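One structure follows; several queries about it will come next.
Every number in this text was worked out from the coordinates using simple rules, so none of it is lab data. These numbers were taken from a predicted model, which means no experiment stands behind them. Here the Cβ positions follow ideal geometry from the backbone for every residue, glycine too, while neighbour counts run over all protein chains shown.
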Amino acid sequence: EDIAVICEASSESAATDWEIRNKVSSQKWKEARPFLLKNMLATQDPHPHCGCQCGKQAVVRCLDCLPFPFLCEDCDTAVHSRFVLHNRESLTGGFRQPLSELRQQMGRYNLVLPAVSCTSCCLTWSPTIEDIQRDGYWPGTMNFCTLYTTDVFQSFYDLKMAAPGVSLKAYIKMLDERTERFGRAGKISADSFSKSFSEWVAVTYEVEKIFHKKSFDCPACTPEMLAVSVDGNRKLYRFKSNASTSEPGNFECVFIQKDEEVAEFVDNIHRQTNHISGKGSCGSSSWRAAKESSRKNTSKLDEEGLEIAVCRHGVLIGALNMFRGEIFAYPLFLQRMLADKAPGNITFLCSDVACKYFPYLSKVAQQCREMRKLLSMRPFLSVMHAKAHTGKCEIKWGGAFQEGAGSTIGEEVEQVNSFLSRAAITTKYMSKAGRTNMLTLLASGWNKKKVKNMGRTLSQRYTKTVRMLKEQVDILNATKDELGVDDDTLQLWVSDVQQWAEETDSGDGSLGALQARIEELAVIIKVRTQNLYKQTDSNKRRHKIRKVILDEKKRLAATICEYNNLAEPSKQIVSTDASVLTDAWPWNNISETAAADLHTKRTVFEKVMAVRRLKEEEMIISKEMQQHWTAMKAQSMMLATLSSNSSFADQPEDAQRGLQCLVLQKQTELKAEMVKVKGFYRRILSHQPLLEMDSSEEEMSEDDAADLDSSTSDED
């Protein structure tokens, strides 16, 4: 019946053309979205001018006592003393609040919609979409021949957040099993469920937009962001599919940037720069992690992965689809996007190939004037990759030695990838729009969890930093006493190590050039081996990478042989594997005295840097706490403004009342969250005037204080 109605609005060919039917259906959903939005807001009104059947004022709404869900206190007691498992909501307090735990028997039910007619005037009535939504259901189609309870959608969303790899078909199969278990018949349509769920999510997002809630901004990094980490995820690819259409997703450009804009940017950069390579002080174009000359894969893949930008708290900022591997132009696009979003407010750009990317950026900026503003961001080589690099590269580019970086790791993208990569098993078979919608939904859910726990996270990080700083200071003082040196000598040694790291080897084919090439190949082999299982999900691809590693080992052996022919016998490389593992090269041991001196200075240098970074981290977290608190106060002021705003006067009266109830609910939840966060921050920063509150906000009942103390003690 649904297909027949859809085809009436199109040509006769629509009956056999899935793409035409899909476009017609999407157009109907698009036209109905404002009406669905109005209905969703209206359902939040706890007083829809409906009283109890006995004539008294209703104080409870029961979703299971249909068609008369509104009950007074006496009727509620009489009815639900027997039906204790019904899903009930309190209508007091200005917004609906659940009273008891929900227990439903999910699955498919074959129902008949009621039709009422008057024998006197022959007037008939049957439920409309407004009635369906008010009773807690969501239409499967615009003719609502199929209905879904919104709890089924919420359960699927919660399941995806807990287990991103669970497919929609597996969830529907579970519902079908429950249908059969409770003696009912029929199957649930996967296509109908998928489309209806997508529209429910889209309308829910429209409601969130009313409150100006930014899903992809970090409150602790606003307005000044210390560091952003950029990296690619090659597991989030998608196969080419004949079923895909050119129809955009509901969340286009919300999280994942438009492919057309990215492609235009990449082509423009390549035209102006003639494919500048990213050769840095410890890398070359042989490192495929960011090979600028990569071309689009001609295999069965469409999107080859996702390039992701994350702040240092693990909050997702933005992403784009990769079609040509991890070329430098992709992080360059994200860097420009972030620079436009927060001009001059981002200090570090973290990357696992920062030592190659920033030389590339410098050359691009010379030819593209608009890219020069990006040079204000400082390079930051992620800590784990810095450990795999040579000593000089680690000191020059590594985040642990960057002034002002604090304890930033630079590996935050890997934390996000551990969550998003689990969805790859399903998204690689989706349509383009379906993949965009699902990844955006998962990313938004991830951010909600991060922002919700921001107060606890920052307070725990601050406590840990203070403890580690005390330990590192004690270690540094013990080293000073052991070596018998003062602070001036330590600073001199730090300068010596930094100067040594800035020295470059000659590249004229001499002995020094061979040494640099050996160190470079050793780093490439080490990093590629470490990422063999980390960044690949198929044995076929691992086999290709192993062949590449074998070829690089052969080139390393040939380079070492060439070096040994020119080097003195005392400085020749005896064991290649041992040198690669320990990063101990004979040319670094000019003499035993000099080697010991450099080793001592390097050890002291690392301890001094550890103390400096922890001191910076203490100040950074204090600032982030203040920014987080300021963002929460700004959200509170926005809700207060919205509650008295008349910009929604064009909405029907019931939708306006529902909106006001939602505002009241948001204000109540935010106030409770602010009280909780204030408790975290006050115990840590009691000596700083950080948490200034208005007199009205300062008022807190004894019950609220008791709840806060009990919640924090339980969390501890």
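Output the pairs from Lys571/Lys607; Lys209/Lys452; Lys452/Lys633 with a Cα-Cα distance over 21 Å in this structure; if there are none, say none.
The pairs that break the limit, which is 21 Å between Cα atoms, are Lys571/Lys607.
Packing-wise, with mean Cβ within 10 Å as the measure, how do 24-30, 410-416 rank, highest first? Before the final figure, lay out each step's value.
Working: 24-30: 17.0, 410-416: 22.1.
Result, highest mean Cβ count within 10 Å first: 410-416, 24-30.
How high is the FRET efficiency between Ser376 and Cys121 when r is their beta carbon distance and R₀ equals 56 Å, given to the nearest 0.05?
The formula returns an efficiency of 0.15 here.
Moving on to the next point. I'd like to compare 64-71, 315-322, 119-126: which one has the highest average count of other Cβ atoms within 10 Å, and what's the full order after that?
Highest mean packing first, the order is 315-322, 64-71, 119-126.
Under 5 Å between amide H atoms, partner at least 5 residues away or on a different chain: which partners does Leu301 have, H built in plane at 1.01 Å?
Lys240
Could you list the chymotrypsin sites (Phe, Trp or Tyr not before Pro) in the stretch 328-360 that lie in coil according to DSSP, counting only those with at most 16 other Cβ atoms within 10 Å of their Cβ?
Answer in residue order: no site qualifies.
Related question: What distance in nm lies between label points placed 7 Å from Cα along the C-beta direction at His212 and Ala163?
Inter-label distance under the simple model: 4.1 nm.
Per 0.36 nm of contour for each residue apart, how much would the distance between Lys544 and Lys363 grow if the chain were fully extended, relative to their Cα-Cα spacing? Write down the numbers at each step before the final one.
Details: separation 181, 0.36 × 181 = 65.16 nm, distance 3.20 nm.
Fully extending the segment from Lys544 to Lys363 adds 62.0 nm.
When the chain is fully extended, how far beyond the present Cα-Cα distance does Leu113 get from Asp64, taking 0.36 nm per residue of separation?
16.0 nm
Testing the spin-label approximation: label points 7 Å from Cα along Cα→Cβ at Met174 and Thr600. State their distance in nm.
Reported label-point gap for Met174 and Thr600 is 6.4 nm.
Compute the length gained on full extension between Ser418 and Asn274: take 0.36 nm times their separation in residues and subtract their Cα-Cα distance, giving the result in nm to one decimal.
This chain segment gains 48.3 nm when fully extended.
Quick one: 3J(HN,Hα) in Hz for the stretch 599-614, Karplus 6.51/-1.76/1.60 with θ = phi - 60°, rounded, Gly and Pro as x.
Karplus-based 3J(HN,Hα) across the stretch 599-614 equals 5, 5, 4, 5, 4, 5, 4, 5, 5, 5, 5, 4, 5, 5, 5, 5 Hz.
Which order do peptides 54-60, 447-453 fall in by mean Cβ count within 10 Å, highest first?
Peptide ranking by packing, descending: 447-453, 54-60.
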